[in-house]
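Nothing in this text is a laboratory measurement; each read-out follows from the coordinates by a stated rule. From a predicted model like this one, the values you see are computed outputs, not experimental measurements. Glycine gets a Cβ as well: all are built from the backbone with ideal geometry, and neighbour counts include every protein chain shown.
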Amino acid sequence: MDSSEQLQQLYVLGFDLQTFDRFPKSIGVLRDGCIAFLVPAGPDAGLQILGNVGWRMGESLGPLVERNGRKVFLHKEEMIEATPERIAIMEKFTADLKAVLRGEHRPV
């Protein structure tokens, strides 16, 4: 599946697509507070996730980490509590995104 088809399917599933000056070679994919950056996987290979999926924190992402025995989304010195609700939202975001990138999601 080519990248334009993948982006169209992501849009249909409610993902927002955005460019970021800090990441000029990637496309930001956002939904429900979560973010991932996508880059070309290679010729005719579609898109792949660059780095981690995480919580949107400004124009970047905070990956899920553990600090002092608790789960948080962390970007530099900024922390957001990783509540069970936020973790569930990120898991759904990640599952839907990966399904599209694998070619498993087809619009209804």
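A few notes on this one:
- Among (1) more than 15 Å from the chain's Cα centre (by Cα); (2) surrounded by 14 or more Cβ atoms within 10 Å (Cβ to Cβ); (3) within 17 Å of Gly103 (Cβ to Cβ) - the single one Leu47 does not satisfy: (1)
- Scanning the stretch 5-26 for residues that are under 18 Å from Gly103 (Cα atoms), outside any helix (DSSP H, G or I) and either among the β-branched types (Val, Ile, Thr) or touching a residue at least 40 places away in the same chain (Cβ under 8 Å) (or both) returns Leu13, Phe15.
- Residue that is farthest from Ile87 (Cα to Cα), among those in the stretch 2-44 that are among the β-branched types (Val, Ile, Thr) and within 11 Å of the chain's Cα centre (by Cα): Ile27
- Considered as a group, the residues in the stretch 60-91 that are surrounded by 11 or more Cβ atoms within 10 Å (Cβ to Cβ), without any contact (Cβ under 8 Å) to a residue 24 or more places away in the chain and among the charged types (D, E, K, R) include one that is farthest from Val29 (Cα to Cα), and that residue is Lys71.
- For the criterion of being touching a residue at least 40 places away in the same chain (Cβ under 8 Å) and not β-branched (Val, Ile, Thr), Leu97 passes.
- The one condition in (1) in contact with a strand residue (DSSP E or B) (Cβ under 8 Å, 6 or more places away or on another chain); (2) of a type in the set (Gly, Ala, Ser); (3) closer than 21 Å to Ser26 by Cβ that Ala99 fails to fulfil: (1)
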